[in-house]
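All of the numbers you see were taken from the coordinates with simple rules; none came from a lab. What you see is a predicted model, and the numbers here were worked out from it, not measured in a lab. Glycine gets a Cβ as well: all are built from the backbone with ideal geometry, and neighbour counts include every protein chain shown.
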């Protein structure tokens with residue numbers, strides 16, 4: 001699809017426009033995080049009077065307040081954006097690549113290949129999401145790579161199924177038959193003829209996968225299975241839980257929660273616009 | 001069967017196609033034998049569901065997974081098509097030697113690519129050619145079918161039905177194949193466009209010396225275009241002869257019925273006679289003449305066994321037990337009451 005086409009899809013309604021700009025904003029924050037953040041995320045801060053800034057509500061000096069150890073929440077939030085987006089984009093991308101390939105191959109070849117690949121996805125459907133990720137992280141460690149791996153291993157299953165269904169339907173179209181009659185190889189038919197026709201669906205699920213990865217990372221971090229070396233939105237909530245100040249410091253849970261909700265809903269809004277392309281019945285008449 | 005030429009381009013003997021379905025095996029094509037000579041237009045006519053399209057799908061290995069084709073012989077220029085390795089068949093036969101113009105050109109272009117790119121693709125799959133060379137060839141071909149070469153840059157949805165059909169023919173010509181299979185090339189087009197495309201096909205045939213298998217349910221088109229005609233019914237070839245022979249000396253009751261159902265200039269104003277009933281379902285083994293239930297001249301022998309094909313004159317093959325009575329059939333078939341009883 002041409003860039004102009006994407007521009008038209010995103011501008012097709014107010015919500016997706018809003019979502020698009022929120023995503024751009026978060027991306028900019030993630031890229032320039034170290035330059036925007038006024039403090040180090042784990043630096044004990046002092047106010048202008050030289051007093052230790054512990055559990056301060058939002059003010060001009062600390063726009064999002066501080067933790068009980070005097071960490072600046074605004075700085076933490078900005079650096080956490082980087083971690084969250086990185087995990088979201090990387091695991092969203094890898095999972096859609098796996099899901100698209102499994103779906104296209106299963107849908108195109110059918111028969112035994114389809115059977116084997118779909119039984120594997122069925123097994124993954126049988127896995128409870130969070131416990132599986134917690135076990136994986138407990139086994140391999142709390143590094144970022146393993147968190148991404150754990151999310152990817154689970155999340156590709158839905159995209160694989162949906163793309164398989166679409167591939168099966170497109171495979172029956174006359175132009176695929178004609179491509180075969182013209183002597184096109186199987187790989188050529190799959191990647192040159194079927195793939196471009198499932199692209200809107202693919203982008204839709206890419207957005208879903210990113211949103212799900214972000215939520216999953218936040219949930220895992222909140223339960224204490226995040227990477228201890230980096231700040232993330234879920235990790236900030238976990239710290240709050242550990243400090244036992246949940247009922248006192250409303251600002252501490254407000255900002256990371258709002259960020260999670262804002263980013264995930266923005267992704268959903270944008271993906272909704274793509275869903276209308278993939279499924280014209282949703283379009284307004 | 002007498003061969004007019006000792007080396008036909010395509011020679012098919014006893015081709016059968018069976019689809020496995022939940023209701024049992026469907027014998028879509030049974031015992032089909034024919035030859036296509038070099039530079040000949042071979043017409044296959046028959047009503048919907050008579051196995052015309054299944055026949056060509058079997059030749060091009062495009063049958064769905066539940067379809068199985070068998071043949072005693074299926075030779076193209078001496079090589080046995082059915083026995084070829086899949087990769088070799090794809091690279092050496094498909095499009096290179098046998099290309100096709102499909103039933104609905106409307107849906108036969110991938111909507112996401114420019115028409116020109118799809119012609120280029122079919123050239124580059126089989127020949128080592130740069131993109132520029134392939135495009136050059138594509139614009140030549142567009143010229144041949146009477147399309148502006150600038151249209152190569154358009155997307156399929158920007159084409160009208162007739163343009164797409166012509167683009168499809170251009171694509172089928174791209175590698176100078178020995179045989180072009182045209183499956184209902186003019187169906188769904190208005191008569192003017194139809195005429196233009198048929199004229200184009202005739203010119204192409206004269207210039208390029210390709211053979212054509214023309215499949216249609218339109219007797220008028222087939223009579224105009226073909227050198228020889230096969231009439232199919234219920235998955236079998238009922239009668240096969242040269243065009244003139246078939247129209248002047250038809251033997252099979254089904255051929256007579258089909259002739260009745262089409263208007264001709266000499267019988268203008270008279271009511272057309274149709275054949276009552278509907279085609280057989282083809283489920284299960286064939287144990288009688290498939291046309292017997294609708295045939296006005298059927299007797300016990302017709303229902304007892306499937307008649308064998310008999311060659312009654314050079315190149316004229318009929319599959320009817322009572323072919324000897326055809327003179328009587330011909331006069332009776334002109335009466336409407338014959339078909340209604």
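Shielding value for B:95-108 is 3, the average number of Cβ atoms from other chains within 10 Å of each residue's Cβ. The alpha carbons of the range A:26-155 give a radius of gyration and a Dmax of 21.5, 74 Å, in that order.
Taken residue by residue and averaged, Cβ atoms of other chains lying within 10 Å of the Cβ of A:179-190 number 6.
Using Cα atoms only, what is the angle between the long axis of helix A:14-36 and the major principal axis of chain A, expressed in degrees (0 to 90) to the nearest 10? In chain A, helix A:14-36 runs at an angle near 50 degrees to the longest axis. Compactness ratio for the range A:189-285: Cα radius of gyration over 2.2 N^0.38 Å (N = residue count) comes to 1.47.
Shape summary of the range B:107-176, radius of gyration then Dmax from alpha carbon positions: 10.8, 32 Å.
Kirkwood Rh over Cα pairs of the protein assembly as shown into Stokes-Einstein at 37 °C, 0.692 mPa s: D in µm²/s? Here the translational diffusion coefficient equals 112 µm²/s.
To the nearest ten degrees, helix B:131-144 and the longest principal axis of the Cα atoms of chain B are 50 degrees apart. Each of residue A:138 and residue A:54 was given a label point 7 Å from its Cα along the Cα-to-Cβ line. The distance between the two points is 3.4 nm.
A straight chain from residue B:270 to residue B:303 at 0.36 nm per residue would run longer than the Cα-Cα distance by 8.6 nm. Structure remark: mean-square fluctuation, Gaussian network model of chain B, C-alpha springs under 10 Å; the largest value among B:103, B:165, B:23 belongs to B:23. Considering helices alone, the calculated mean residue ellipticity of chain B at 222 nm is -9000 deg cm²/dmol, with DSSP H runs of length four and up weighted by -39500 (n - 2.57) and normalised per residue.
May I ask for the distance between the Cα centers of the range B:106-159 and the range A:74-103, given as a whole number of Å? Each part reduced to its Cα centre gives a spacing of 40 Å. Computed from Cα positions, the angle between helix A:144-171 and the longest principal axis of chain A comes to roughly 30 degrees.
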